[in-house]
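Enquirer: Below you will find the structure I want to go over with you.
The values are calculated or read from the model by the stated rules, or taken from the named source; none is laboratory data. The structure presented is a predicted model; accordingly, all values stated were derived computationally and were not measured. So basically every Cβ, Gly included, is an ideal-geometry build from the backbone, and we count neighbours across all protein chains shown. These accessible areas exclude ligands, DNA and RNA; they are computed on the full protein's heavy atoms, side chains included. Shrake-Rupley method; radii C 1.70, N 1.55, O 1.52, S 1.80 Å.
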Amino acid sequence: MMKITKTLMVGSALALLPTLAAAQDAPMAVPTDAVWILNSLLFLIGGFLVFWMAAGFAMLEGGLVRSKNVTMQMTKNVALFSLASIFYYLIGYNLMYPLGDWMIGSDETGGYLSALWGPGVLEAVGVGADGVDDYSYASTGSDFFFQLMFCAATASIVSGALAERIKLWPFLIFTVILTSIIYPIQASWKWGGGFLDSQYGFLDFAGSTVVHSVGGWAALVGAVILGPRIGKYKDGKTVPIMGSNLQMATLGTFILWLGWFGFNGGSQLAMGSIGDVADVSRIFANTNTAAAGGAIAALILTQLLYKKPDLTMVLNGALAGLVSITAEPLTPSLGAATLIGAVGGVIVVFAVPFLDKLKIDDVVGAIPVHLFAGIWGTMAVLLTNSDATFMGQLLPIIIVGVFVVVTSAVVWFILKATMGIRVSEEAEISGLDTVEMGMDAYPEFTRS
């Protein structure tokens, strides 16, 4: 009996082979309800992976600041994510997607206070590469949740760069404006069907420019206006200021690496066909190898330049590799993706001392990672995607950069003039945990 059963099982498997081969040759259309479920599931899974990046930013920043400022960084990260969640809902989401009747809070029964979270659907956005209109059908709530995570990530980039000398409340006010107005407006120019998409043919798959360079530009402007930390630059030389916990920083990097699979993979925006799932798989593989390329490039380069490898550079090299591949994680081969990520790692190693020469104090290296590597990654789309054009990539980078620099500068200057953005010299020397927060992350060390 067992032999007969095995024979039947083998025969059934062999009989299915032609069907499977045919499925690989021609993408299989999935029933509409299944498409809706699968697309919504991709948004939700991608969204909670990107949410986990909030923990990565917190751990990375907590490890790279001094022990006397860790509580402040943890508070900023929890607060900025919470504020982004509320204000992106109240203002930002509808600014980012100004067209269509599926917007959160736009129902006729009571607006924001009684928005319907039933089985709503997104308006048709386009036809997938396989010819199946598979992004026209997904839950409204899943799309909102996914897009919110990108918005919050943009604010997290700013937090680390300005650490150890910025006041809590001015930073949080800037976060509200960034996540509810600045980020959504420029994101609508690409992802909301705006002019960067329709007129320039701008390609930015998951946001090397729309997310990462925006956070980088805002951080750069803030760092310039805020000024460097006390003692960072003396007699024309840069004084290294070591972080409190490199294990924590390493853990944060791995968490961000993991979250990036949702960041890039979820940006496929569809999982309703074999072609979509194959694309998501390629995106995952390319995302991973770009991070590896960035880390190894930074490891080797710091060994050559400084005679010893620098862990902080290696961590940021991996993150720069991830940012670099974010603009186009689908079309490169594994080899090309590795090289794109490696260039990002090289950029970080040279950009960090370059900023120090300009006396721009970026505590965690956010500007090289997210701004410089973001620009590189956006232009690198030209290497693997034939639909990209040089000016179609370059001009949107400039447009977004000018917009974010000007708007961020206005906000930072207003905050500086009205309530001040920098803590007192005494508070900075004593540590923000004690003066601003009233509690220490490591009381046995900082109070001994």
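Enquirer: Within the accessible area of the range 287-350, what % is carbon and sulfur when the probe is 1.4 Å and the other protein chains stay in place? Mind showing how you got there, number by number?
Expert: Details: 1730 of 2290 Å².
Reported share for carbon and sulfur atoms: 75 percent.
Enquirer: When the chain is fully extended, how far beyond the present Cα-Cα distance does Q247 get from F284, taking 0.36 nm per residue of separation?
Expert: Working it through step by step, the gained length comes to 10.8 nm.
Enquirer: Over 5 Å intervals from 0, what percent of Cα-Cα pairs in the range 205-331 sits in each interval?
Expert: Result, from short to long distances: 2, 10, 15, 16, 18, 16, 11, 6, 3, 2, 1, 0, 0 percent.
Enquirer: Using a 1.4 Å probe, what is the accessible area per residue for the range 378-418, in Å²?
Expert: Numbers: 2010 Å² over 41 residues.
Spelled out: the 1.4 Å probe surface of the range 378-418, per residue, equals 49 Å².
Enquirer: Given points 7 Å out from each Cα along the Cα-Cβ axis, report the F48 to E426 separation in nanometres with one decimal.
Expert: 4.8 nm
Enquirer: Here's a follow-up. Decide, for the range 279-416, between rounded, prolate and oblate: order the square roots of the alpha carbon gyration tensor eigenvalues as a ≥ b ≥ c, take rounded if a/c falls under 1.5, and otherwise choose prolate if a/b is larger than b/c, else oblate. Present the calculation step by step, with values, prior to reporting the outcome.
Expert: On the way: a/c = 2.19, a/b = 1.10, b/c = 1.99.
The shape class here is oblate.
Enquirer: Between S82 and L41, 0.36 nm times their residue separation minus their Cα-Cα distance comes to what?
Expert: Numbers: separation 41, 0.36 × 41 = 14.76 nm, distance 2.32 nm.
Going from the current span to full extension adds 12.4 nm.
Enquirer: Same structure again: Tell me, what is the FRET efficiency for N385 and L168 to the nearest 0.05, using R0 = 45 angstrom and their Cβ-Cβ distance as r?
Expert: 0.60
Enquirer: Under a crude label model (7 Å from the Cα following the beta-carbon direction), how far is V402 from S333 in nanometres?
Expert: 3.9 nm
Enquirer: Sorting check: for 162-168, 239-245, 366-372, which peptide has the highest mean count of neighbouring beta carbons within 10 Å, and how do the rest follow?
Expert: Working: 162-168: 22.4, 239-245: 14.6, 366-372: 29.7.
Packing order, densest peptide first, comes out as 366-372, 162-168, 239-245.
Enquirer: Moving on. Working out 0.36 nm times the residue gap between S198 and F350, then minus their Cα-Cα distance, what length gain in nm do you get to one decimal?
Expert: Details: separation 152, 0.36 × 152 = 54.72 nm, distance 3.55 nm.
Gain on extension, S198 to F350, equals 51.2 nm.
Enquirer: Here's another thing I want to ask about it. Hey, what did the range 330-448 get for relative contact order, percent, Cα under 8 Å, at least 6 apart?
Expert: Value for the range 330-448: 16 percent.
Enquirer: Measuring with a 1.4 Å probe in the full set of protein chains, what accessible area per residue, in whole Å², belongs to the range 202-284? Walk me through the intermediate numbers first.
Expert: Numbers: 2870 Å² over 83 residues.
Per residue, the range 202-284 has 35 Å² of solvent-accessible surface.
Enquirer: Tell me the label-point distance for the pair M439, I230, using the 7 Å Cα-to-Cβ offset, in nm and rounded to one decimal.
Expert: Going from the M439 label point to the I230 one covers 2.5 nm.
Enquirer: Okay, moving on. Sort 271-283, 190-202, 212-224 for me by packing, meaning the mean count of neighbouring Cβ atoms within 10 Å per residue, highest on top.
Expert: Working: 271-283: 20.7, 190-202: 18.2, 212-224: 26.8.
So the peptides 271-283, 190-202, 212-224, ranked by packing, come out 212-224, 271-283, 190-202.
Enquirer: If r is the Cβ-Cβ distance from A409 to K357 and R0 is 22 Å, what FRET efficiency results, to the nearest 0.05? Mind dumping the intermediate values first?
Expert: Values: r = 22 Å, r/R0 = 1.00.
It comes to 0.50.
Enquirer: Distance from the Cα centre of the range 416-448 to that of the range 359-408, in angstrom?
Expert: Between the Cα centre of the range 416-448 and that of the range 359-408, the gap is 33 Å.
Enquirer: Between the range 229-259 and the range 172-208, what is the separation of their alpha carbon centroids in Å?
Expert: 29 Å
Enquirer: A follow-up question, please. Sorted by packing (mean other beta-carbon atoms within 10 Å per residue), highest first, where do 80-92, 373-385 land?
Expert: Working: 80-92: 20.1, 373-385: 23.7.
Those peptides, ordered most packed to least, come out 373-385, 80-92.
Enquirer: Let me ask something else about it. For Cα pairs less than 8 Å apart in space and 6+ apart in sequence, what is the mean separation divided by the residue count of the range 208-285, i.e. the relative contact order in percent?
Expert: Values: 20 pairs, mean separation 12.7, N = 78.
So the answer I get is 16 percent.
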